[in-house]
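First comes the structure, then the notes that go with it.
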Amino acid sequence: MRSGMAMIMAIGFLVILAGIMATMMNMTSITTKRTEHMYFKEQAQLLARSATEFALLAISGHDRAATGNCITNINSQFPAAAPFFDINTTIRYIGVLNVPNATCTGYIASPFASGNAISPESEGTVMIDVYVSSIENQVGVAPGLQLGQEIRYHRRSLQKP
């Protein structure tokens, strides 16, 4: 008669090993999701910086004196094919840059001065709000990689074009 203790120990060892492997796989998937979320969050921040620079370029390339109006919104998506980020840029002007008959709908009068007077230092400054948000159910960079959580990022900056 042989003892069955070795067989029971081997089965117990395999069950313990399977539990450790399942825990390792769970931790790996959690780490992968966190890394993916951090990657997309960083990408949203970089897109916001790029959108701010693009808005400054668009303002500089727009002749306000000739047309009498100003750029107030720029909307785009990234990437162009199968996008997974919406980028919405709102531009508000502080002061009118001495443009006669300007119709800047995003014009902000100084809250510190009486009437519409703007200090000479603030004249021509723009406030740029950039909103970057993920598009739901879009595939990420790698095939089959989904955005796990909705990503939203807002960047506000004051610039002199």
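Of note:
- Loop-located trypsin sites (Lys or Arg not before Pro) in the range 1-54, at most 16 other Cβ atoms within 10 Å (DSSP): Arg2
- Total formal charge among the other residues, if their Cβ is under 14 angstrom from that of Ser134, Lys/Arg +1 and Asp/Glu -1: -3
- Calculated FRET efficiency for the pair Ser76/Lys160, C-beta based, R₀ 22 Å, to 0.05: 0.40
- One chain, two ends: Leu46 and Ala10. Fully extended at 0.36 nm per residue, the span grows by 7.6 nm beyond their Cα-Cα distance.
Since every read-out is calculated from the coordinates, none of them should be taken as a lab result. It should be emphasised that the depicted structure is a prediction, and the values quoted were computed from it without experimental measurement. Don't worry about glycine lacking a Cβ; one is built from the backbone with ideal geometry, like all the others, and counts go over all protein chains shown.
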